[in-house]
Structure formats: structure tokens, C-alpha cells
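Following: one structure in C-alpha cells, then a few remarks.
The values are calculated or read from the model by the stated rules, or taken from the named source; none is laboratory data. Being a predicted model, the structure only gives us computed values, none of them experimental. Cβ placement follows ideal geometry from the backbone for every residue including glycine, while neighbour counts extend to all protein chains displayed.
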Amino acid sequence: MCDDCDCRELAPIGELSSEHERISDLATRLRDAITSGSPDRTDALGALQAALGPHLAKEEAGLFAQLEGRPGFVWYLEQLNGDHARARSSLLSPDAAELAALEVLAALDELAEHIQSEEYDLFPASRLIFDDLAWAKVAAAHDAANTAATR
């Protein structure tokens with residue numbers, strides 16, 4: 001993950017970036033289970049789903065919500081939301097365990113690209129454009145999402 005601009009020093013970005021590391025590790029576990037033919041595929045998928053679902057909701061309620069209506073970010077936000085929608089329809093689908101191996105591997109590739117985009121583009125840009133009020137709103141959204149995830 002990116003450490004070039006110190007954006008991880010901001011608590012919300014640090015939290016999301018740590019979640020990206022966890023999600024990437026779980027995606028690697030799932031990829032390994034698929035490529036080796038391991039019966040661990042279902043457990044690996046379940047672990048990834050448990051981490052990914054709350055993470056997507058947190059990003060959408062936090063950073064994405066603060067990007068809404070900002071000039072120059074309409075296309076990028078549409079792309080990010082599209083990535084989330086595709087992850088929900090593939091990896092988070094109730095039928096995800098039934099997807100063909102190639103479909104899951106393609107979804108994992110797309111997830112990895114999405115994480116890279118956020119780490120190297122979204123997080124540094126957010127650090128530069130958000131003011132203290134926007135960061136307070138992002139932090140509040142994270143707190144609400146973390147509370148909801150523990151219920």
C-alpha cells in the first residue's frame with residue numbers, strides 16, 4: 001500500500017488502508033484456494049465477504065459521500081461506485097460460491113485494481129481536497145459503520 005504522501009496518518013485513511021491490506025490478504029487466500037483446488041474456497045470466500053461488505057459501505061458513507069458534487073470528481077466517483085456495484089454482484093452475491101473459478105478470479109483482479117486506485121489516487125487526493133469538516137463527516141461515517149458492523 002502507498003506510504004508516499006503520509007495520507008495514512010489521517011485516521012480514516014489509515015483505517016481504510018489497513019482494511020485494504022486485510023482484504024488483499026483474504027483475496028490472496030481465496031485465489032490460492034481456487035488455483036490449488038482446495039476445499040478451503042468456501043471458507044476463504046466467506047472470510048473475504050465478511051471483510052469486504054462492511055468496508056464498501058464505510059467507503060461509500062465516508063469518502064464517497066464527501067466527493068459527491070465536487071467538480072472534477074463526477075467521473076471518478078461513478079467509476080468507484082461502479083467497482084463497488086460489480087463487487088456486490090460477484091464477490092458479495094449470495095450465489096458467489098457457485099460462480100465459476102474464472103469469474104471469481106476476474107472479480108479478484110478487478111478488486112485489486114480498485115484497491116490500487118484508491119490507495120494511489122483517491123486517498124492522496126482526498127487528503128488534499130477535504131477540509132476539517134469533511135474529515136469529521138468521514139470519521140463520523142466510519143464510526144457509524146463500525147458500530148453497525150458489530151451488531
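Considering only residues in the stretch 63-100 that are surrounded by 17 or more Cβ atoms within 10 Å (Cβ to Cβ) and of a type outside the set (A, V, I, L, M, F, W, C), the one that is nearest to the chain's Cα centre (by Cα) turns out to be His84. Looking across the stretch 131-151, just one residue is surrounded by 16 or more Cβ atoms within 10 Å (Cβ to Cβ) and at pLDDT below 95, and that is Ala145.
Among residues of the stretch 92-107 that are under 19 Å from Gly82 (Cβ atoms), those with a Cβ under 8 angstrom from a residue that is surrounded by 13 or more Cβ atoms within 10 Å (Cβ to Cβ) and basic (Lys, Arg), sequence gap 6+ or separate chain, pair up as Ala107/Arg86.
Evaluation of Arg22 against the conditions (1) over 17 Å from Ala106 (Cβ atoms); (2) touching a residue at least 60 places away in the same chain (Cβ under 8 Å); (3) of a type in the set (Lys, Arg) shows that the sole unmet condition is (2). So, in the stretch 66-106, exactly how many residues are acidic (Asp, Glu) and in a loop (DSSP other than H, G, I, E, B)? The total comes to 2. In the stretch 90-129, the residue that is farthest from Ser18 (Cα to Cα) out of those that are in contact with a helix residue (DSSP H, G or I) (Cβ under 8 Å, 6 or more places away or on another chain) and polar (S, T, N, Q) is Ser90.
Of all residues in the stretch 1-43, which are hydrophobic (A, V, I, L, M, F, W, C), more than 17 Å from the chain's Cα centre (by Cα) and at pLDDT 95 or above? Ala33, Ile34, listed by residue number.
Residues that are more than 20 Å from Tyr120 (Cα to Cα) and modelled with pLDDT of 95 or more within the stretch 62-92 comprise Ala85, Arg86, Arg88, Ser89, Ser90, Leu91, Leu92, listed in sequence order.
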